[in-house]
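The values are calculated or read from the model by the stated rules, or taken from the named source; none is laboratory data. Only a predicted model underlies this, so the values are computations on that prediction, with no experimental measurement involved. Here the Cβ positions follow ideal geometry from the backbone for every residue, glycine too, while neighbour counts run over all protein chains shown.
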Amino acid sequence: MVQEATPGHCRERPVVGPRQVRCQRFESTYADVVDGSPAPGLDYPQESGETTLARLERERLCDLLDSVGPAAPTLDEGWTTHHLAAHLVLRDSGVRGMLQAVRPSNGDSKVDQMVATEGFDSLVATLRLGPPRRSPFALPYADRLLNRLEFLVHHEDVRRAAADWQPRTLPRWVHDQVWGQLGWFARTSLRGSPAGVVLHRTDTGDRSFVVKKIDPVELAGDPVELTLYVFGRRAVAKVEVRTPTGDSAHFTQWLTSR
């Protein structure tokens, strides 16, 4: 047995694999503790209130990971849910961990090492607690800026890898928060596009020009679907690609070749 970190105290958990983890005391804005245990998965309120979308998506993802287990597929090619949990725990640990969490071209990664040495249940429990206090991801502003879309996309990576997945019905404030952040990520991700690109939010009619060139390609869908498309989950994103000429092949070929 080793000690599991929880806000202000430690509790024991069984170890799977040879790695021994020291108990670290930290405070996390994620860990609502009731009788010494993390709160269960949160439902989506109709108003955003004090709860952040990053926190809600983290909780829901952890609930789903607990449900499907370590061997379930994800949309990340070659990664199971065990790999995904390791990736996110490593990313939470700080800047160095974030860099190590990126899959290298040679296939040998810190994530693979963690999967081989750390139990899935332990990783999910750590992920549910949120980043340690020493991590920049524990800062509220960094959480909103860097975790909101990250956890949304990875939650869908697990959901949409299942054969019977369906889009979630999410309240308006969720789509508003996603839309408010998507433009910056889209401008970064789609930089270098051979065509202009405009995002068309179909639930409100709003548009955001992210690559300013003549005769732009229009990507039409709700904010969550557009986010999945921009983050490379195009096969499962319910997005319509519209072009002035009706031929989107040049743009989609560029996306595929990157």
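Does TRP79 satisfy being of a type in the set (Phe, Trp, Tyr) and assigned by TED's automatic domain parsing to the domain that holds PRO223? Against the criterion (of a type in the set (Phe, Trp, Tyr) and assigned by TED's automatic domain parsing to the domain that holds PRO223), TRP79 does not qualify. Is there a residue in the stretch 244-258 that is surrounded by fewer than 17 Cβ atoms within 10 Å (Cβ to Cβ), among the charged types (D, E, K, R) and more than 24 Å from GLY180 (Cβ to Cβ)? Yes - at least one qualifying residue is present in the stretch 244-258.
Among the residues of the stretch 123-149, count how many are buried (at least 18 other Cβ atoms within 10 Å of the Cβ) and among the charged types (D, E, K, R). Spell out the reasoning first.
Within the stretch 123-149, the subset buried (at least 18 other Cβ atoms within 10 Å of the Cβ) is 123-132, 135, 137-138, 143, 147-149.
Of the ones still in play, those that are also among the charged types (D, E, K, R) are 128, 143, 148.
Total meeting the criteria: 3.
Of the candidates ALA186, ALA237, ALA195, the single residue that is within 24 Å of the chain's Cα centre (by Cα), surrounded by 14 or more Cβ atoms within 10 Å (Cβ to Cβ) and either modelled with pLDDT under 95 or not in a helix (DSSP H, G or I) (or both) is ALA237. Look at (1) within 26 Å of THR52 (Cβ to Cβ); (2) in contact (Cβ under 8 Å) with a residue 24 or more places away in the chain and you find that GLU218 fails only one, number (1).
Determine if the stretch 37-59 includes at least one residue that is modelled with pLDDT under 50, in the same structural domain as LEU146 (by TED's automatic domain parsing) and among the acidic types (Asp, Glu).
Let us first name the residues in the stretch 37-59 that are modelled with pLDDT under 50, namely 37-42.
From what is left, the residues that are in the same structural domain as LEU146 (by TED's automatic domain parsing) are 37-42.
Next, only the ones that are among the acidic types (Asp, Glu) stay: none.
No, the stretch 37-59 contains no residue that is modelled with pLDDT under 50, in the same structural domain as LEU146 (by TED's automatic domain parsing) and among the acidic types (Asp, Glu).
The residues on offer are VAL68, VAL102, VAL124, and the sole one that is aliphatic (A, V, I, L, M) and at pLDDT below 90 is VAL102.
Could you go through the stretch 120-130 and let me know if any residue there is within 25 Å of ALA186 (Cα to Cα), among the aromatic types (Phe, Trp, Tyr) and assigned by TED's automatic domain parsing to the domain that holds LEU56.
Quick first cut of the stretch 120-130, residues within 25 Å of ALA186 (Cα to Cα) only: none.
No - not one qualifying residue is present in the stretch 120-130.
When the residues of the stretch 115-161 are filtered to those that are in a loop (DSSP other than H, G, I, E, B) and touching a strand residue (DSSP E or B) at 6+ places or on another chain (Cβ under 8 Å), which remaining residue is nearest to THR52 (Cα to Cα)? Give the derivation first.
Residues of the stretch 115-161 in a loop (DSSP other than H, G, I, E, B): 118-119, 130-135, 139, 160-161.
Cutting the leftovers down to touching a strand residue (DSSP E or B) at 6+ places or on another chain (Cβ under 8 Å) gives us 132, 161.
Values: PRO132: 17, ALA161: 25 Å.
Applying the filter and picking the extreme gives PRO132.
Has the stretch 210-220 got at least one residue that is in contact with an Asp or Glu (Cβ under 7 Å, 6 or more places away or on another chain), modelled with pLDDT of 95 or more, buried (at least 16 other Cβ atoms within 10 Å of the Cβ) and not in a loop (DSSP other than H, G, I, E, B)? Taking every residue of the stretch 210-220 in turn, at least one turns out to be in contact with an Asp or Glu (Cβ under 7 Å, 6 or more places away or on another chain), modelled with pLDDT of 95 or more, buried (at least 16 other Cβ atoms within 10 Å of the Cβ) and not in a loop (DSSP other than H, G, I, E, B).
Of all the residues that make up the stretch 70-84, how many are part of a strand (DSSP E or B) and more than 15 Å from ALA116 (Cβ to Cβ)?
Within the stretch 70-84, the first condition is being part of a strand (DSSP E or B), and the residues that meet it are 73, 80.
Going one step further and asking which of them are more than 15 Å from ALA116 (Cβ to Cβ), we end up with 73.
The number of residues fulfilling the criteria is 1.
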